[in-house]
Structure formats: C-alpha cells, structure tokens
Amino acid sequence: MTVKQSISGFIQAGGKSRRMGQNKALLKLAGLKLIEYPIKELSNIVSELGIITNTPEVYLDLNVTCYADIWPGLGPLAGIYSALEYSSNDYVLSLACDMPFISRELLEFLIKSIKSKQDYQICVPLDFNGEVQPLCAIYDKSCKKHILELINQSKYAPRELFSLVNTKIVLFKEFSYLAGAENFFKNINSPEDFDLANKILESNSK
C-alpha cells in the first residue's frame, strides 16, 4: 500500500494551447482526458491535490480543487509560484497537464531525492537529452521570494530559478531503469504530438 507523502501535488493547466487550437488538457487520449493522467499518478502519493487554472468550470467533473493563477499569462514560473502560495505543505510537486507518460514511480523517486538532504529547495529531473524538466519537479515554499524577484525583473523561465536556490538535479541515468522512462517527458503541444502519444499508448497496450 502506498503511503501518502506530506507534499502537495499541483497540475499546471493555465497555458493557452495555441498550437492545439483548443484546451489540450481536455483532449481525450486512450479514453482519458490529458489532465487525468497526472491526476491519476499524483492522487495516491500526495496529501493535497490541486489544479492551477483560470477556467475552473471546465474541470468540475474531476473533483479536484482548482486555484486561480495569481499572474495569468506569465507562464509556468508564475504557475509554480501560485501552487506554492496555495499549498498547505512546504513541498509542491508541480506537473504539466500534458505529460501522459509520467509514472507514479518517477514521482516517488523525486520525492525520495529531495528528502535525501534537508536543505534542497528544488528537485528537478533531466530528460534523455539532458534538458531540465521544470514542470515535473518539486519546489519548496522558500522558493517563493526568489520567484517574486524574477517576475519583478520580467524573467519568467523556471530555469532562471535553479541557480538562485539549492537545487538537486536528477540525471536521467539515475531513473532510466524505471519502466517507460524514455517517454516520461513527452508532452502534447501539437496535433502531431497527440498522434504520436496515441501510437505509443497503442504500442504499450499490445
């Protein structure tokens, strides 16, 4: 039985989905809305679950508490700040709404990693190509003041934050043994991405 951690899980659903032409969080992929994939993986391991969005009415059927993005339109860093502001726990696991291949095992690995040393303020993984994945990462509430400083300087990229606080970078090779690791960070930004995700899920089901 999985023990829920004293950590909050927040799904970022405030993007404009320009390339998809519609709210991608609501797209059905193998019978589930995209946003239901991170909900499913988070729900059994976090003590608090929420969605950062400015259209809460479209998520009513999910029975997950929705919270307004404090700075709508400023991107994921602002969404991370919002999650930290609303969280009742010190740690927030922040996930994009469009990563259908994220697994509970990866999230548990990240939680274990940030708790391995008391003063880590961020735990962020690298993908197969060595790119940081700030929307599959854990943030401590102490990051809030640094995020405010960045926003006040019109710096909105989450990676700007990593050099300002004690950040644990998790190399891909550290969790590459987990099932499906090569697809963990594939997200859905275009119809082509959506078609590819469908093919991967069909292949996995065979």
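Details
- Note on the stretch 29-85: residues that are hydroxyl-bearing (Ser, Thr, Tyr), assigned to a helix (DSSP H, G or I) and buried (at least 20 other Cβ atoms within 10 Å of the Cβ) total 4.
- Of all residues in the stretch 157-182, those that are in a helix (DSSP H, G or I) have Cβ atoms under 7 Å from Cβ atoms of residues that are acidic (Asp, Glu), 6 or more apart or on another chain, in 172/127.
- Qualifying residue in the stretch 109-124 (condition: polar (S, T, N, Q), in contact with a strand residue (DSSP E or B) (Cβ under 8 Å, 6 or more places away or on another chain) and assigned to a helix (DSSP H, G or I)): yes
- The numbered conditions (1) buried (at least 22 other Cβ atoms within 10 Å of the Cβ); (2) in contact with a Gly (Cβ under 8 Å, 6 or more places away or on another chain) are all true for residue 137 except (2).
- Hits in the stretch 133-156 (condition: in a helix (DSSP H, G or I) and farther than 22 Å from residue 99 by Cβ): 141, 142, 144, 145, 146, 148, 149, 150, 151, 152
- Some residue of the stretch 183-203 being over 26 Å from residue 5 (Cβ atoms), of a type in the set (A, V, I, L, M), surrounded by 12 or more Cβ atoms within 10 Å (Cβ to Cβ) and within 18 Å of the chain's Cα centre (by Cα): yes
- Pairs, first under 24 Å from residue 122 (Cβ atoms) in the stretch 59-79, second among the basic types (Lys, Arg) and in a loop (DSSP other than H, G, I, E, B), C-beta under 9 Å, six or more apart: 73/16; 77/155
The numbers here are math on the coordinates, done by the rules we state, and not lab data. What you see is a predicted model; the values in this text were computed from it and never measured. Neighbour counts are summed over all protein chains in view; Cβ atoms, including those assigned to glycine, are modelled from backbone coordinates with ideal geometry.
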